[in-house]
Amino acid sequence: MSQKVRVRFAPSPTGPLHIGGLRTALFNYLFAKKNGGDFILRIEDTDQNRFVDGAEQYIIEALNWCGISFDEGPDKEGAVGSYRQSERKDLYKNYALELIEKGKAYYAFDTAETLDYHRKDHESKGKTFIYNWHNRLKLTNSLSLSKKQVADKLNAGEPYVIRFKSPENEEIHLNDIIRGQISIDSSTLDDKVLFKSDGMPTYHLANIVDDHLMKITHVIRGEEWLPSLALHNLLYNAFGWDTPEFAHLPLIMKPVGKGKLSKRDGEKGGFPVFPLTWNQSEGYREAGFFPEAVVNFLALLGWNPGTEQEIFSLEELVNTFSLERVNKSGARFDPEKNNWYNQQWLQKKSNDDLAALFASDLEKRNISSTKEYTTQVVSLIKERATFAKDFWELGDYFFQAPQSYNEKAVKKQWKEGTPKIMAAIVEVLQNITDFDSPIIEEAVKGWIAEQELSFGKVMPPLRLVLVGDMKGPHIFDIMHLIGKKESVNRIETAIAQL
Ligand code: GLU
């Protein structure tokens with residue numbers, strides 16, 4: 001039997017989850033569910049300096065909002081918890097010591113000042129200082145010092161770090177599901193710190209140890225981690241552990257120009273880059289996006305189904321997703337297209353659901369309406385809406401008589417003979433007993449034909465006086481909804497005012 005697929009999303013709680021991080025979580029989730037596997041959330045909080053209060057809750061709330069549910073994670077303990085690295089901190093040191101034992105790592109006692117001196121010295125000569133095979137024997141560590149010197153330093157409580165001893169001259173062959181074969185010359189690698197003087201592991205050590213202990217089979221993460229792949233591979237080999245498979249996702253690029261999408265792009269372009277609001281930055285949720293739309297556009301950032309289909313539910317994505325169809329090159333972020341996705345998802349919502357959203361907006365505006373009426377309005381105007389917050393702008397006239405009339409339209413539509421025509425329409429309306437859209441339509445159109453008038457002389461001004469503008473759905477549907485009395489009132493008010 002093949003091994004059960006287990007993947008993890010491993011954010012550091014250093015701030016809000018960026019939309020790129022959310023996509024990483026989504027792709028992990030899709031891959032896990034497609035393959036009947038587990039999706040794990042692990043909080044990588046070993047860097048106490050960068051810890052931000054509330055970030056972990058934010059991450060969880062964002063995942064929940066999108067319906068990306070994890071099988072194991074903080075407060076959802078599985079067999080391999082805890083799922084917060086800070087709560088696992090005691091276990092990492094032994095692994096670092098194990099590597100020292102195996103001759104794969106070493107203690108380094110160099111002070112920050114010494115390292116700084118070397119860095120600056122190299123810089124002044126136009127070189128870069130790399131702590132590795134090239135110079136490690138000239139530095140203060142357990143490779144250059146005698147056993148006794150090392151023991152003395154440790155006994156004296158001198159601060160140290162534990163560094164990985166990267167091989168001097170090895171061709172490292174790596175495989176990435178998305179990028180294929182990659183070769184790295186080990187002599188270019190530095191001896192990364194695995195364990196810090198504050199008693200905490202670095203990202204590299206904790207990440208590998210946890211992926212191993214949590215039985216992760218596939219590591220799916222952002223492209224920015226590709227440079228760490230060689231080291232991670234070496235670490236797995238050093239421990240003698242099976243290496244998981246790796247897939248590095250393409251970057252999400254700015255809407256225009258070069259480089260990856262940043263918070264500033266969102267500020268400049270007026271679109272969110274976070275799923276939920278964080279401090280002053282509005283999130284997709286608060287901007288009125290449906291989670292389905294966010295999931296949908298995120299999925300297509302860097303992945304394609306190989307067909308023309310663009311609208312996918314989370315479930316459809318699970319069925320269709322494969323890492324093989326993830327692109328190598330960066331995925332351009334397109335805020336306009338994101339709006340389009342929301343517009344599409346809005347059309348898929350039931351009128352009842354949309355009416356509930358509209359109702360809370362109406363309430364804020366002190367407009368009273370019945371559920372039934374709001375639902376009918378929504379059914380007429382939703383076609384043109386991208387967000388539920390557009391409803392008011394699209395359909396305010398269903399709830400109140402026009403406060404003013406579009407001036408341009410008045411100039412164009414309100415002619416000398418118009419008041420007389422409108423007065424006649426009032427009569428026509430008064431004579432209708434069953435005020436239903438098709439009946440009104442028949443009556444009004446019949447009257448127009450009888451008078452041998454053109455539609456253009458009657459219908460546009462009629463819309464103008466009922467709506468205040470030239471917008472809106474079928475005019476007879478509007479009349480039916482606002483009712484006979486209100487329709488007549490609006491026409492009479494306009495006759496008196498215009
Ligand atoms: N903690 C890392 C991050 O913040 C995780 C990288 C990985 O998935 O290996 O992105």
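The values are calculated or read from the model by the stated rules, or taken from the named source; none is laboratory data. Not measured: the values here are computed from a predicted model. Ideal geometry is used to build each Cβ from the backbone, glycine not excepted, and the neighbour counts take in all protein chains shown. Each accessible area value is taken on the protein alone, full model and side chains, heavy atoms only, with ligands, DNA and RNA left out. Shrake-Rupley method; radii C 1.70, N 1.55, O 1.52, S 1.80 Å.
Applying a threshold of 8 Å to beta carbon distances and a minimum spacing of six or more residues, or different chains, the list of pairs starting in the stretch 36-54 at a residue that is among the hydroxyl-bearing types (Ser, Thr, Tyr) and modelled with pLDDT under 95 and ending at one that is more than 12 Å from the ligand (Cβ to nearest atom) and part of a loop (DSSP other than H, G, I, E, B) reads 46/200. Would you please name the residue that is nearest to residue 231 (Cα to Cα), looking only at residues in the stretch 169-192 that are without any contact (Cβ under 8 Å) to a residue 40 or more places away in the chain and touching a Leu at 6+ places or on another chain (Cβ under 9 Å)? Result: 192.
Tell me, which helices (runs of 4 or more DSSP H) wholly within the stretch 9-127 include 2 or more residues that are closer than 30 Å to residue 327 by Cα and within 14 Å of the ligand (Cβ to nearest atom)? The qualifying helices (runs of 4 or more DSSP H) are 19-34, 55-66.
Sub-6 Å Cβ pairs linking a first residue in the stretch 214-225 that is of a type in the set (Gly, Ala, Ser) to a second residue that is within 11 Å of the ligand (Cβ to nearest atom) and open to solvent by less than 10 Å² (accessible area, probe 1.4 Å), at least 6 apart or interchain, are 222/249, ordered by first then second residue. On the stretch given as the stretch 217-251, residues that are more than 10 Å from the ligand (Cβ to nearest atom), part of a helix (DSSP H, G or I) and open to solvent by 40 Å² or more (accessible area, probe 1.4 Å) total 4.
Every condition in (1) among the hydrophobic types (A, V, I, L, M, F, W, C); (2) touching a residue at least 24 places away in the same chain (Cβ under 8 Å); (3) part of a loop (DSSP other than H, G, I, E, B) is met by residue 312 except one, and the failing one is (2). Looking only at residues that are over 12 Å from residue 15 (Cα atoms) and in contact with a strand residue (DSSP E or B) (Cβ under 9 Å, 6 or more places away or on another chain) in the stretch 44-64, which one is most open to solvent (accessible area, probe 1.4 Å)? Per the criteria, the residue is 60.
Each row is one residue, and each column tells you yes or no for (1) under 15 Å from the mean Cα position of the chain (by Cα); (2) part of a helix (DSSP H, G or I).
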{"site": "258", "(1), (2)": "no, no"}
{"site": "288", "(1), (2)": "yes, no"}
{"site": "319", "(1), (2)": "no, yes"}
{"site": "328", "(1), (2)": "no, no"}
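Reported count of residues in the stretch 335-372, each being assigned to a helix (DSSP H, G or I) and of a type in the set (S, T, N, Q), is 8. Here residue 135 meets the list (1) open to solvent by less than 80 Å² (accessible area, probe 1.4 Å); (2) touching a residue at least 60 places away in the same chain (Cβ under 8 Å) almost entirely, failing just condition (2).
Looking for whichever is under 13 Å from residue 19 (Cβ atoms) and away from the ligand (no atom under 16 Å from the Cβ) here; the options are 281, 322, 313. Which one fits?
Sole residue among the options that is under 13 Å from residue 19 (Cβ atoms) and away from the ligand (no atom under 16 Å from the Cβ): 281.
Evaluate the following for residue 196: is it more than 14 Å from the ligand (Cβ to nearest atom), within 36 Å of the chain's Cα centre (by Cα), in contact (Cβ under 8 Å) with a residue 24 or more places away in the chain and farther than 16 Å from residue 10 by Cα? Yes; evaluated as a whole, the condition is true for this residue.
Just checking, does the stretch 177-188 include any residue being within 11 Å of the ligand (Cβ to nearest atom), open to solvent by 10 Å² or more (accessible area, probe 1.4 Å) and at pLDDT 95 or above? So far as the stretch 177-188 goes, no, none of its residues is within 11 Å of the ligand (Cβ to nearest atom), open to solvent by 10 Å² or more (accessible area, probe 1.4 Å) and at pLDDT 95 or above. When both residues are 6+ apart or on different chains and their Cβ atoms are under 9 Å apart, which pairs have a first residue that lies in the stretch 1-14 and is under 16 Å from residue 71 (Cβ atoms), and a second that is among the aromatic types (Phe, Trp, Tyr) and in a strand (DSSP E or B)? Pairs found: 6/39; 7/39; 8/39; 9/39. Regarding the stretch 81-91, can at least one residue be identified that is among the hydrophobic types (A, V, I, L, M, F, W, C) and either modelled with pLDDT under 95 or surrounded by fewer than 22 Cβ atoms within 10 Å (Cβ to Cβ) (or both)? Scanning the stretch 81-91 turns up at least one residue that is among the hydrophobic types (A, V, I, L, M, F, W, C) and either modelled with pLDDT under 95 or surrounded by fewer than 22 Cβ atoms within 10 Å (Cβ to Cβ) (or both).
Of the residues that make up the stretch 436-449, is at least one surrounded by fewer than 18 Cβ atoms within 10 Å (Cβ to Cβ), of a type in the set (Ser, Thr, Tyr) and out of contact with any Lys or Arg (no Cβ under 9 Å at 6 or more places or on another chain)? There is at least one residue in the stretch 436-449 that is surrounded by fewer than 18 Cβ atoms within 10 Å (Cβ to Cβ), of a type in the set (Ser, Thr, Tyr) and out of contact with any Lys or Arg (no Cβ under 9 Å at 6 or more places or on another chain).
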